[in-house]
1. So Ile105 fits all but one of (1) more than 26 Å from the chain's Cα centre (by Cα); (2) of a type in the set (Val, Ile, Thr); (3) more than 29 Å from Pro210 (Cα to Cα); what number is the exception?
2. Kindly evaluate Ile363 against the criterion of being modelled with pLDDT of 95 or more and either over 19 Å from Met333 (Cα atoms) or not aromatic (Phe, Trp, Tyr) (or both).
3. If a residue has to be under 16 Å from Leu302 (Cβ atoms), open to solvent by 10 Å² or more (accessible area, probe 1.4 Å) and assigned to a helix (DSSP H, G or I) to count, how many in segment 355-377 make the cut?
4. So which residues in segment 357-381 are more than 13 Å from the ligand (Cβ to nearest atom) and not aliphatic (A, V, I, L, M)?
5. At least 1 residues that are within 22 Å of Ala299 (Cα to Cα) in each: list the strands (runs of 3 or more DSSP E) lying fully within segment 45-122 that qualify.
6. Of all residues in segment 304-347 being in contact with a Ser or Thr (Cβ under 8 Å, 6 or more places away or on another chain) and not in a helix (DSSP H, G or I), which is surrounded by the fewest Cβ atoms within 10 Å (Cβ to Cβ)?
7. Looking at Val157, is it outside any strand (DSSP E or B), within 21 Å of Ala236 (Cα to Cα) and touching a residue at least 40 places away in the same chain (Cβ under 8 Å)?
8. Could you say which residue among Arg212, Arg183 is open to solvent by 50 Å² or more (accessible area, probe 1.4 Å), within 26 Å of Thr300 (Cα to Cα) and either free of Cβ contacts under 8 Å to residues at least 40 places away in the same chain or touching a His at 6+ places or on another chain (Cβ under 9 Å) (or both)?
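The values are calculated or read from the model by the stated rules, or taken from the named source; none is laboratory data. These numbers come from a predicted model, not from an experiment. Glycine also receives a Cβ, built like all others from the backbone with ideal geometry; neighbour counts cover every protein chain displayed. These accessible areas exclude ligands, DNA and RNA; they are computed on the full protein's heavy atoms, side chains included. Shrake-Rupley method; radii C 1.70, N 1.55, O 1.52, S 1.80 Å.
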Amino acid sequence: MTPLSIRVNERDNVAIIVSPEGVAGGVEFPGGLLARERIPQSHKIALRDFEAGAPIVRYGEIIGHAINAIPSGSWVREDMLDLPVAPPLDRLGLATAIPAALPPIEGRTFDGFRNPDGSAGTRNILGITTTVQCVAPTVDYAVRRIKTELLPRFPNVDDAIAVTHTYGCGVAIDAPGAAIPIRTLKHISMHANIGGKPLIVSLGCEKLQPQRLFSSDLPIFDGNNVIRLQDQRGFAETVSVILEAAEKRLAELNRRQRQTCPASSLVVGLQCGGSDAFSGVTCNPAVGYAADLLVRAGATVLFSEVTEVRDAIHLLTPRAASEQVARDLIREMNWYDEYLARGEADRSANTTPGNKRGGLSNIVEKAMGSVAKAGSTAIMSVATHGEKVTNKGLVFAATPASDFICGTQQLASMNMHVFTTGEGTPYGLALVPVIKVSSRTALAEKWHDLIDLDAGRIATGEATIQQVGEELFEFILAAASGKKKTWAEHWHLQNALAPFNPGPVT
Ligand code: CA
């Protein structure tokens, strides 16, 4: 079989091995390049001789400098490059290359559940919010009974879930960082997929009192939607009280019907996890193409993961729709640089052993691939950690790159989730459908009942970025309408919520 490699940008002086089994030493590529040694799939091959200190270029950007001389045809591994300094934040182009608006796509819709606040649900779920971990096992117990005893009587309701988490007490709740988990949990409690209205179980003595959780939205307390466990008598009676409140809410939710909603009611969160060197060539550009289609259809698209954007920031601030949006991007980069520095870490802490096994040498290479998810449109606004996004178009919603924390923070806004992966992860969330897109066909075949869409066909030439992007766009609309289920939904794969608490624990 002809050995295959892929080069993304004409300035690149390394290429990625496409052949599933890798290549053996001595193998000759079309064009005459000889592999000097065995190189695994998705790893880099040197396209020319490098002297020590020479820049290694991928995606048209310098991802590192050769520590020692590297002959042409060598396997370029992470320990052979040094990490370049991150782009300085004080001399970036601010809104200097704002992309022209792409032609709008009119008339695309999905069948969703309309909410009084103007949002639309993609699922109809009974969600019981908790203010503190102390009540989580009780609510979990109640939800198990709700599912078996009540839910079957309410056919229009898709699921019942306990919105549990580890925040709420034992924390310095007046520290500045505490605002992040609190606003994240507040927005999740009023999620579009649970009808925009919370049902809350509180302990009673916790620091995160319901009034504090919903500070600016006090009218939501109508007397029936907060249950304080310390006001109840015994466990069995407490559970009965939760079941009674749940039954009332289920009756309300059951009256909801799917209605035609414009595609502009979609808020799609993009994320990657377990990335490999193909991610930036196949799945992420395909997701970027779908992101452009969504933006053209009027939807909101969130890209996130500060540490995977930081090294590509010089490519993003010029794309900001205004100088203010560019400054907001820089504000979020600065905040995270300082946060990492306080923990005596830096951005190199991002890459995992799996990333490296998948051929990603360092965070620069990972970031260049990661931002491909953001497509090509102007960045319309920036949301800080856990903030609810109200703008349309492409939005940077700041989050850590950790899959669970990023997903939790995006839940403050998103009603659909797209997750790309190279190494593979069975990740899923209880509140929104998670569409998983693989970077390689081998993963999609191995995990045939976990991966929803195979973007690996792009590397082998069986499909184009555009084709996979269009497939994903249609998949999003069908899944949002409930006409398609994701594999994560099929298996009920629901990762725990993980609110980001940069504040001190007491
Ligand atoms: Ca991630």
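1. Failed condition: (1).
2. Working: modelled with pLDDT of 95 or more: no; either over 19 Å from Met333 (Cα atoms) or not aromatic (Phe, Trp, Tyr) (or both): yes.
It is false that Ile363 is modelled with pLDDT of 95 or more and either over 19 Å from Met333 (Cα atoms) or not aromatic (Phe, Trp, Tyr) (or both).
3. Number satisfying all stated conditions: 2.
4. Hits for segment 357-381 are Arg357, Gly358, Gly359, Ser361, Asn362, Glu365, Gly375, Ser376, Thr377, Ser381.
5. Working: elements: 55-58, 61-66, 109-114.
In segment 45-122, the matching strands (runs of 3 or more DSSP E) lie at 109-114.
6. Ranking the qualifying residues of segment 304-347, first place goes to Ala321.
7. On the way: outside any strand (DSSP E or B): yes; within 21 Å of Ala236 (Cα to Cα): no; touching a residue at least 40 places away in the same chain (Cβ under 8 Å): yes.
Judged against the criteria, Val157 is not a match.
8. Numbers: Arg212 fails: within 26 Å of Thr300 (Cα to Cα).
Exactly one of Arg212, Arg183 is open to solvent by 50 Å² or more (accessible area, probe 1.4 Å), within 26 Å of Thr300 (Cα to Cα) and either free of Cβ contacts under 8 Å to residues at least 40 places away in the same chain or touching a His at 6+ places or on another chain (Cβ under 9 Å) (or both), namely Arg183.
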